[in-house]
1. Against the conditions (1) surrounded by 11 or more Cβ atoms within 10 Å (Cβ to Cβ); (2) at pLDDT below 80; (3) over 30 Å from Val111 (Cβ atoms); (4) in contact with a Leu (Cβ under 8 Å, 6 or more places away or on another chain), where does Gly462 fall short? Just the number, please.
2. Say we look at the stretch 205-220 and pick out the residues that are assigned to a strand (DSSP E or B) and of a type in the set (A, V, I, L, M, F, W, C); which of these is modelled with the highest pLDDT?
3. Just to be sure before I move on: is Glu291 in a helix (DSSP H, G or I) and of a type outside the set (A, V, I, L, M, F, W, C) in the structure I sent?
4. Conditions first: (1) without any contact (Cβ under 8 Å) to a residue 60 or more places away in the chain; (2) in a strand (DSSP E or B); (3) surrounded by fewer than 19 Cβ atoms within 10 Å (Cβ to Cβ). Arg176 passes all but one, so which condition is the exception?
5. Do any residues in the stretch 147-159 that are farther than 19 Å from Trp180 by Cβ have Cβ atoms under 6 Å from those of residues that are outside any loop (DSSP other than H, G, I, E, B) and of a type in the set (A, V, I, L, M), where the two are at least six apart or on different chains, and which pairs are they?
6. Only one of (1) farther than 22 Å from Asp271 by Cβ; (2) aliphatic (A, V, I, L, M); (3) assigned to a loop (DSSP other than H, G, I, E, B); (4) in contact (Cβ under 8 Å) with a residue 24 or more places away in the chain fails for Val316. Which number is that?
Amino acid sequence: MAKGSIVTYDELEAAGSAAEFCADALNRYTQGELWRNAVAANDYYRQRNVTISRFVRKLYSATGASAEDFTASKLRVASNLFKRLNVQRCMYSLGKGVSFVDCKDGSGEDVTKEALGQRFDDDVKAIGLNALIHGVSFPFWNLDHVDVFTADEFCPVWDGTTGALRAGVRFWRIDRLHQWNATLYEEDGYTGLAAGDMDTFDFRVTSEKRAYKVTYQSIPADGVALAVDEENYSRLPIVPVWGSDAHQSTLVGMREGIDAYDLIKSGLCNDVQDCAQVYWILSGAQGMDPEDLDVWRSRLKLTHVAQAETDAGQSVTPYTQEVPVTSRREVLAQLKADMYEDFGALDVHAVAAGATNDHIDAAYQPMDEEADEFERHMREGIMDLLALQGIEDTPVFTRNRVSNVKEQVEVVAMEAAWLDEETILRKLPNVTPDEVAKILEKRDAEDGGRLGLATPADGLEG
């Protein structure tokens with residue numbers, strides 16, 4: 001029976017060895033749509049449009065035969081739209097980090113976040129961004145921190161019945177001149193492998209299966225550390241985090257628009273360069289050889305004076321080519337607007353200076369809808385990571401958006417009569433949480449000090 005690119009846990013259980021299974025799994029996975037889209041997305045994210053880089057301008061003869069136009073300009077202008085749109089969606093939800101509902105202990109410390117490691121906010125951004133551009137990312141809880149595996153380097157092994165992630169193979173190499181390395185992650189431990197040939201997955205086991213958590217004890221006599229206890233998690237310590245309900249890269253559906261945008265922009269630049277100069281048609285100069293023509297053109301460009309014997313039927317006529325700039329600009333603007341609209345992104349140029357918060361909120365509405373879906377998947381993934389540590393908590397995301405700060409401050413000032421001083425400070429958009437704490441500490445240190453904010457209740461001015 002033919003096998004597809006999706007690898008199941010039943011195949012792992014039926015495999016004769018870890019090396020045999022990994023070789024078969026990676027050969028199939030790297031032929032599948034998920035991996036191919038992830039690799040293509042990496043190129044577009046790095047501003048390398050592989051489509052226009054292969055585009056060749058052609059000439060056609062009177063008989064219809066085509067040939068490459070070697071005289072044409074060959075500029076390839078790749079846009080940064082793919083990265084711009086994905087970074088905007090990711091940082092809109094995750095740019096200010098993650099907080100948790102039940103995160104405080106008696107001392108006010110964020111115990112949940114502390115348990116996830118010091119770099120967890122940055123890890124979450126990596127999880128979210130890769131989930132968008134690849135369609136899915138695979139955070140691995142590695143004892144006391146998160147390592148993020150991406151779809152271009154991790155082959156998931158799914159349960160054929162429930163669809164749950166049961167195992168996976170991470171594979172990598174330094175470059176094309178080195179062999180492949182791999183790690184097979186299972187519920188009861190992980191196995192290290194390496195290939196002998198740089199072009200194939202002919203793996204051999206380099207380190208036998210070991211547990212995820214190993215306790216070592218050092219012997220004082222000789223300083224040798226020995227493993228005294230091994231322990232695994234209750235399930236596989238790797239969870240899939242999807243970027244959307246579509247379970248696919250954001251490049252799908254966007255690629256054609258980016259290609260059209262880059263192709264038209266590149267074509268416009270090439271046409272401007274090809275048509276930038278004036279050219280002349282000489283009549284009655286058939287007796288001039290190529291050397292004479294070169295001398296004549298050089299003298300014309302230098303003196304801007306052309307000599308012609310009009311009595312003998314000679315003439316010089318200048319010509320220039322007009323590039324259709326206006327129509328192409330309109331197409332580029334429409335393509336860009338369509339991609340922003342389809343992606344649910346915000347083009348800041350569409351928000352007028354001094355716009356009210358009502359207008360700004362309306363502009364953010366499509367982005368909020370996309371963020372709701374994205375944050376739902378991020379929330380599920382983070383809660384799965386917490387469950388591996390026996391923690392029950394819910395992540396909270398603070399969206400990172402522009403606003404009319406002056407209007408927000410005015411609203412807070414109008415509400416100040418009914419709010420306590422700490423709440424007023426926390427509502428002010430231009431005061432950070434750290435600054436709030438410092439201001440409150442300074443106030444407490446001053447005997448009977450108050451915030452310098454006038455309220456209708458007391459009529460005081462700062």
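1. Every listed condition holds for Gly462 apart from (1).
2. Val205
3. Considered against the rule, which asks whether it is in a helix (DSSP H, G or I) and of a type outside the set (A, V, I, L, M, F, W, C), Glu291 comes out as yes.
4. Failed condition: (2).
5. Every condition considered, the pairs that remain are Val148/Ala126; Val148/Ile127.
6. Looking at each condition in turn, Val316 falls short on (3).
Here's the yes/no breakdown for (1) closer than 24 Å to Arg84 by Cβ; (2) surrounded by 15 or more Cβ atoms within 10 Å (Cβ to Cβ); (3) at pLDDT 95 or above; (4) under 23 Å from the mean Cα position of the chain (by Cα):
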| position | (1), (2), (3), (4) |
| --- | --- |
| Thr310 | no, no, no, no |
| Tyr319 | no, no, no, no |
| Glu322 | no, no, no, no |
| Arg328 | yes, yes, no, no |
| Val351 | yes, yes, no, no |
| Gln365 | yes, no, no, yes |
| His377 | yes, yes, yes, yes |
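The values are calculated or read from the model by the stated rules, or taken from the named source; none is laboratory data. Given the structure is predicted, the values throughout are model-derived calculations rather than measurements. In this analysis, Cβ positions are derived from the backbone assuming ideal geometry, glycine residues included, and neighbour counts consider all displayed protein chains.
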